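Engineer: Right, I'll just put the structure down here and ask away after.
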Amino acid sequence: MAHRHLLIFALLPCWAAAAPVNEAACPDTTAVPSCTGPTSVEEYWVQLASQGHYDKSKRPACGNSTFAGPTVVEVQLYLTQVNEVDQKLGQVTVNGYMRSWWHDPRLAFRSEAEGGCLDAVRMAGADAEGIWEPDLYFDNLVSLHTHESRLLEIYPDGGVWKSEQITLTVKSPISLGKLPYDMHTARIVVASYSQDISLMRVIPRGGAVGRSSSGGGRSGVGIIAAPLSSSVWAFGAEEGHHAHRGFETPALVEIKFSWDYVTLEFHYSRMPKYYVDQVILPSLLFLTVSYIQFWVDPAAAPARAALAVIPVLIQRTLSNQVYKSLPEGSQRMWLSDYVATTIFISVLAACQFGVVQFCQLQEKRRAAKLAGLQKAGEVARKLFNVCEQDGTTLLDLLSECSAQQVSVDSDLPVAADVRVSVGEPFTEMQPNMSATSSTSMPCKIKSERAVRYGMSEADLMFIKYAQIVFERFDQDRSGHCHPSEVRRSLKYFNIFLSTFATASMMGMFLRDEGLRTSVDEMQLTLTFDQFTKLLSKVGDYTVHAKACSKGSMSIVAKMQGLAPSKRCDSLARWLFPAIVIVTVAGFYLLLPLY
């Protein structure tokens, strides 16, 4: 190379003599002021060679023209395009120009102000390979493609500027916790491969030199970005710039193991519209579908089951869609938690349908008990007439008309012409039966009073059943049922009234029985006889009691007046929208914590 430069320098006078300037051909040419020094790249190489041997393997001297201090190299990336953000692998691919600056006194020449012919020597391609260059590398590199576009400029004071077009893929961790409102920082770490801080200091353009292991902080301009556009990402948002106007970012200088590491970084944030339109809003719409089921008659089980199950399946598909382009790791993500919660709410809505069906089964069984009670109306009136004739109570009647236990050899009443089953064919027992006939055996026979009134034991079942219900709900064992106790007993027969409506019904019944009632009907009570008689004609009062209780009713009273299945639906109609609203608002409030 040096011999070629010397040859060119020797032939320059010959070329000048062989080709004189034809001023007639350029009539507008002004006189060029005389200058000394190189006028082209080739002449610059010739001059450099004439000054002595240039060793490009030796780094430039520092500012004091000695090698006692390190050479300072400034770096900067001119970002032209962000090609790809690989969220699964945590990689960013960019296009741009890697720039570097340093000072090499050996390359100095006279500027135009000093009588020289050039203020900068510009070299491209292979012409720029004859001088010392810093051995920079990318510490978090995945892949690097260098293009043939390479430019180098040398300035009169020995300053050097180098620019090289590159396509760079680096490993840059991506935190998806706030997806789809996530913001990220892409980092490109530049360092010298073989020169530690005693030989070379690497800093961002216009930045400060790192002075400790904690680094020199952020300074200078590490990245200059051209206007960037993307349908997925907004670039430079954290710096307060707009991507369509470009932006600049400082760089971070750190010292690790006596080496300078310069981190060039830029920020980018996701445009959330895609996930809002494709995941968040659809999940809310299908929650609405789940909500519609609460207004469908539970008797229409197929339709209601479809409304309960389909939203769960579709939201599960939405959850799979979220992970389609995302890493399937254990990282917590706002969006995945949101979708999982909406799925859970839909599952709860489906479970509510199961609870309603269970309640309806219970109500059908209780309705069957009420139907049986209504069929026994004629028997009940017969029992009440007997009690009125004898001036006795139902419990006394039950006791006197129940079957009596006797032994086979006991004396039977005169009117007791009955047959006793002792495991053999029925035999007629005579009052004068011999006491020595057989061993005595206990047995039951129909009571005298039951025979006199022609009352079967099946007729007494009404009283026994009423007694069981009365004792079950007479919690204080006072022998009197208050309105709240009567209300709970009526639930046993699928009759649902509020406590106030029950008290109103008790008042109407007692007045129909010829009794005076208190103005405050909540203080009324029923004896067992009154309770049993009310059960026999409860259908005559429930409709009127419900009509009287309408109007200004508390929420508790309204809930008491509904069957469990209807109460479950009524609560769901109010609670479900509230749960959805609180859930969505809560997720957006908790977004900064992700």
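The values are calculated or read from the model by the stated rules, or taken from the named source; none is laboratory data. Since the structure is predicted, the reported quantities are computational estimates derived from the model, not experimental observations. Please note: Cβ atoms are built from the backbone with ideal geometry, for glycine as well, and neighbour counts cover all protein chains shown. Ligands, DNA and RNA are excluded from the accessible area calculation, which covers all protein heavy atoms including side chains. Shrake-Rupley method; radii C 1.70, N 1.55, O 1.52, S 1.80 Å.
Engineer: From the list Val451, Val406, Val386, Val418, pick out the single residue that is over 60 Å from the mean Cα position of the chain (by Cα), modelled with pLDDT under 60 and either among the acidic types (Asp, Glu) or surrounded by 12 or more Cβ atoms within 10 Å (Cβ to Cβ) (or both). Walk me through it before giving the result.
Structural biologist: Details: Val451 fails: modelled with pLDDT under 60; Val406 fails: modelled with pLDDT under 60; Val386 fails: modelled with pLDDT under 60.
Step by step, each of Val451, Val406, Val386, Val418 is checked, and only Val418 is over 60 Å from the mean Cα position of the chain (by Cα), modelled with pLDDT under 60 and either among the acidic types (Asp, Glu) or surrounded by 12 or more Cβ atoms within 10 Å (Cβ to Cβ) (or both).
Engineer: Find the residue count for the range 316-371, including only residues that are open to solvent by less than 50 Å² (accessible area, probe 1.4 Å), among the aromatic types (Phe, Trp, Tyr) and more than 13 Å from the chain's Cα centre (by Cα).
Structural biologist: The qualifying residues number 1.
Residue by residue, here is whether (1) out of contact with any strand residue (DSSP E or B) (no Cβ under 6 Å at 6 or more places or on another chain); (2) open to solvent by less than 60 Å² (accessible area, probe 1.4 Å); (3) more than 19 Å from Tyr44 (Cα to Cα); (4) modelled with pLDDT of 95 or more holds:
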{"position": "Asn95", "(1), (2), (3), (4)": "no, yes, yes, yes"}
{"position": "Ser111", "(1), (2), (3), (4)": "yes, yes, no, no"}
{"position": "Asp119", "(1), (2), (3), (4)": "yes, no, no, no"}
{"position": "Glu148", "(1), (2), (3), (4)": "yes, no, yes, no"}
{"position": "Ile166", "(1), (2), (3), (4)": "no, yes, yes, yes"}
{"position": "Thr169", "(1), (2), (3), (4)": "no, yes, yes, yes"}
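Engineer: Here's something else I'd like to know. Inspect the range 123-140 for any residue being among the hydrophobic types (A, V, I, L, M, F, W, C) and open to solvent by 70 Å² or more (accessible area, probe 1.4 Å) and give the result as yes or no. Break it down into steps so the answer makes sense when it comes.
Structural biologist: Narrowing the range 123-140 to residues among the hydrophobic types (A, V, I, L, M, F, W, C): 123-124, 126, 128, 131-132, 136, 138.
Next, from what is left, pick out any that are open to solvent by 70 Å² or more (accessible area, probe 1.4 Å): 126.
Yes, that holds for at least one residue.
Engineer: Can you work out which of the residues in the range 523-542 that are of a type in the set (A, V, I, L, M) and closer than 20 Å to Lys382 by Cβ is surrounded by the fewest Cβ atoms within 10 Å (Cβ to Cβ)?
Structural biologist: Checked the range 523-542; the qualifying residue surrounded by the fewest Cβ atoms within 10 Å (Cβ to Cβ) is Val538.
Engineer: Also, quick follow-up: If I filter the range 491-506 for residues that are among the small types (Gly, Ala, Ser) and open to solvent by 30 Å² or more (accessible area, probe 1.4 Å), do I get at least one hit?
Structural biologist: No, because not a single residue in the range 491-506 is among the small types (Gly, Ala, Ser) and open to solvent by 30 Å² or more (accessible area, probe 1.4 Å).
Engineer: Evaluate the following for Ser290: is it of a type in the set (Gly, Ala, Ser) and surrounded by fewer than 14 Cβ atoms within 10 Å (Cβ to Cβ)? Spell out the reasoning first.
Structural biologist: Values: of a type in the set (Gly, Ala, Ser): yes; surrounded by fewer than 14 Cβ atoms within 10 Å (Cβ to Cβ): no.
When the stated conditions are applied, Ser290 does not pass them.
Engineer: What are the residues in the range 165-209 that are among the β-branched types (Val, Ile, Thr) and not in a loop (DSSP other than H, G, I, E, B), if any? First the steps, then the outcome.
Structural biologist: Narrowing the range 165-209 to residues among the β-branched types (Val, Ile, Thr): 166-167, 169-170, 174, 185, 188-190, 197, 202-203, 209.
Ile166, Thr167, Thr169, Val170, Thr185, Ile188, Val189, Val190, Val202, Ile203, listed by residue number.
Engineer: Please identify the pairs in which a residue from the range 569-594 that is within 21 Å of Cys351 (Cα to Cα) and open to solvent by 70 Å² or more (accessible area, probe 1.4 Å) has its Cβ atom under 6 Å from the Cβ atom of a residue that is assigned to a helix (DSSP H, G or I) and not hydroxyl-bearing (Ser, Thr, Tyr), counting only partners at least 6 apart or on another chain.
Structural biologist: Arg573/Phe294
Engineer: Which condition number does Glu42 fail, the rest of (1) modelled with pLDDT under 85; (2) surrounded by 12 or more Cβ atoms within 10 Å (Cβ to Cβ); (3) acidic (Asp, Glu) being met?
Structural biologist: (1)
Engineer: Which pairs turn up if I take residues in the range 131-148 that are within 21 Å of Arg201 (Cβ to Cβ) and look for partners that are of a type in the set (Phe, Trp, Tyr) with beta carbon separation below 7 Å, at least 6 apart in sequence or on another chain?
Structural biologist: If the second residue must be of a type in the set (Phe, Trp, Tyr), the pairs left are Pro134/Trp102; Asp135/Tyr193; Tyr137/Tyr193; Asp139/Tyr261.
Engineer: Of all residues in the range 119-162, count the ones that are in a helix (DSSP H, G or I) and not hydrophobic (A, V, I, L, M, F, W, C).
Structural biologist: The total comes to 3.
Engineer: Just name the residue that is farthest from Pro105 (Cα to Cα) out of those in the range 75-88 that are at pLDDT 90 or above and surrounded by fewer than 22 Cβ atoms within 10 Å (Cβ to Cβ). Explain how you work it out, then say what you get.
Structural biologist: First, the residues of the range 75-88 that are at pLDDT 90 or above: 75-87.
Imposing the further condition that a residue be surrounded by fewer than 22 Cβ atoms within 10 Å (Cβ to Cβ) reduces the set to 78, 80-81, 83-87.
On the way: Tyr78: 26, Thr80: 32, Gln81: 35, Asn83: 39, Glu84: 41, Val85: 42, Asp86: 44, Gln87: 46 Å.
Step by step, filter the range 75-88, then rank; the result is Gln87.
Engineer: Give all pairs with beta carbons closer than 9 Å in which a residue from the range 522-534 that is closer than 14 Å to Asp512 by Cβ meets a residue that is of a type in the set (Asp, Glu) and crowded, with 20+ Cβ neighbours inside 10 Å; count only pairs at least 6 apart in sequence or on separate chains.
Structural biologist: As it stands, the answer is Leu526/Glu485, since those pairs meet every condition given.
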